[in-house]
Amino acid sequence: MTRDRHTKIVVATALWAACNVERAFVSMKPQTRFLSAVFVVGCACCAIETAPRPNVKLNEDSLHFAEELIERGHFVSDKKNTWNEHQSSAEDENEFIRQHGFAEYAKWHLGIDARHAENTKARYKFPYGDFKGVHRCALLAIKSRAHQYGDSEIENAAVHLLEMIQSEKKQTASLP
Ligand SMILES: [Zn+2]
C-alpha cells in the first residue's frame, strides 16, 4: 500500500469516528467512551505521522540558473517520456563533478535532499538538464514525480520553467 493511500484511509477512518462519536458517546459506558477517545486520538496521530512530508527542498540557486539558461536559449523543447534517453549517465555525472565540482553539479538539480551529506550525489535531486541546456522532458518528469512525493515547491518550480519555455518558443516563432 502506498503511503498516500494509507494516509487517506486513516484520515477517512478518523473522520468517520469523529462524526459518529457525538451520537455514540451518549449511549456509551464510561469505559467504552475512554477506548473510543483513545482510538480517535490514535488515528489522528497516525494520520499526522504518515502524511507526506517534503524531504527535498527547492534549490533557489539552481532555479535561477535554469531561468538564465532558458532566457539565453539554452533549452530543448522536447516531448514527454524521453528523459530516460536524454539523462546524463552516471559516468558523465562523475566526469562533470571531477571537472567542475559539486557546487556546479548542484546547479543542475532543482532539489536538495538534506538527509544526505554535501558532496554526495544523493543530496542533489530532480535534474532538469544534461549540463548543456534545460530539457522540457526532464521538467515534465520532475513535475509528475514531485507531485507524487508531495514536494510542491519543486513541482511549482518545474511548472514555472515549463511556462518559460513555452513563452520563449512563442517569441522565437513570432520573430520575422
Ligand atoms: Zn530531453
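Couple of notes before you dig in:
- Added length on full extension, which subtracts the Cα-Cα distance from 0.36 nm per residue, residue 166 to residue 103: 19.8 nm
- A simple rule links phi to the HN-Hα coupling: the Karplus curve 6.51 cos²θ - 1.76 cosθ + 1.60 with θ = phi - 60°, which for segment 139-149 gives 5, 5, 5, 4, 4, 6, 6, 5, 4, 4, 8 Hz, with x for Gly and Pro.
- Label-point gap, in nm, between residue 175 and residue 74 - each point 7 angstrom along Cα→Cβ: 1.8 nm
- Under 14 Å from residue 143, Cα to Cα: aspartates and glutamates that are on another chain or at least 8 residues apart: 151, 153, 155, 163
We did not get these values from a lab; they are worked out from the coordinates using the rules stated. Please read these numbers as outputs of a predicted model, since none were measured by experiment. Cβ sites come from the backbone with ideal geometry, for glycine too, and all protein chains shown count toward neighbours.
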